[in-house]
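Working notes, beginning with the structure itself.
The values are calculated or read from the model by the stated rules, or taken from the named source; none is laboratory data. On a predicted model such as this, the values are computed, not experimentally measured, just so you know. Cβ: placed from backbone, ideal geometry, glycine included. Neighbour counts: every protein chain shown. Side chains included, ligands, DNA and RNA excluded: accessible areas come from the protein's heavy atoms. Shrake-Rupley method; radii C 1.70, N 1.55, O 1.52, S 1.80 Å.
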Amino acid sequence: QQLRALRRQWLRDQELSEREPVLPPRKLGPVAAFWERFLQPGGFWRQQVYKTYQTSGFILTRVLIPAWIIAYWLKYHV
């Protein structure tokens, strides 16, 4: 009986409260702090970078590569 009570108490002691764990504040350097702010979800710059990435991918696959293939074919096969 006493061992069960001790075990129950030990298990209750292992549970973390809302205030735990207490971690020291992160100290970021200037570059790391910039990237931390820059990559925040929903941030303006993150959206702009994503739009630029999407646009450049579209231009590369739909314009530049087909233009290169057509130019190659015209130069060497016509």
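Miscellaneous remarks
- Any hit, segment 53-62, residues being in a helix (DSSP H, G or I), at pLDDT 95 or above and among the aliphatic types (A, V, I, L, M): yes
- Members of segment 37-52 that are in a helix (DSSP H, G or I), open to solvent by less than 100 Å² (accessible area, probe 1.4 Å) and either at pLDDT below 85 or hydroxyl-bearing (Ser, Thr, Tyr) (or both): Phe38, Thr52
- Residues being surrounded by 10 or more Cβ atoms within 10 Å (Cβ to Cβ), within 20 Å of the chain's Cα centre (by Cα) and not in a loop (DSSP other than H, G, I, E, B) are entirely absent from segment 22-29.
- Test: residue in segment 8-17 that is at pLDDT 90 or above, open to solvent by 100 Å² or more (accessible area, probe 1.4 Å) and among the basic types (Lys, Arg): yes
- The conditions of being outside any helix (DSSP H, G or I), of a type outside the set (Phe, Trp, Tyr) and either touching a residue at least 12 places away in the same chain (Cβ under 8 Å) or exposed (fewer than 10 other Cβ atoms within 10 Å of the Cβ) (or both) are not met by Leu74.
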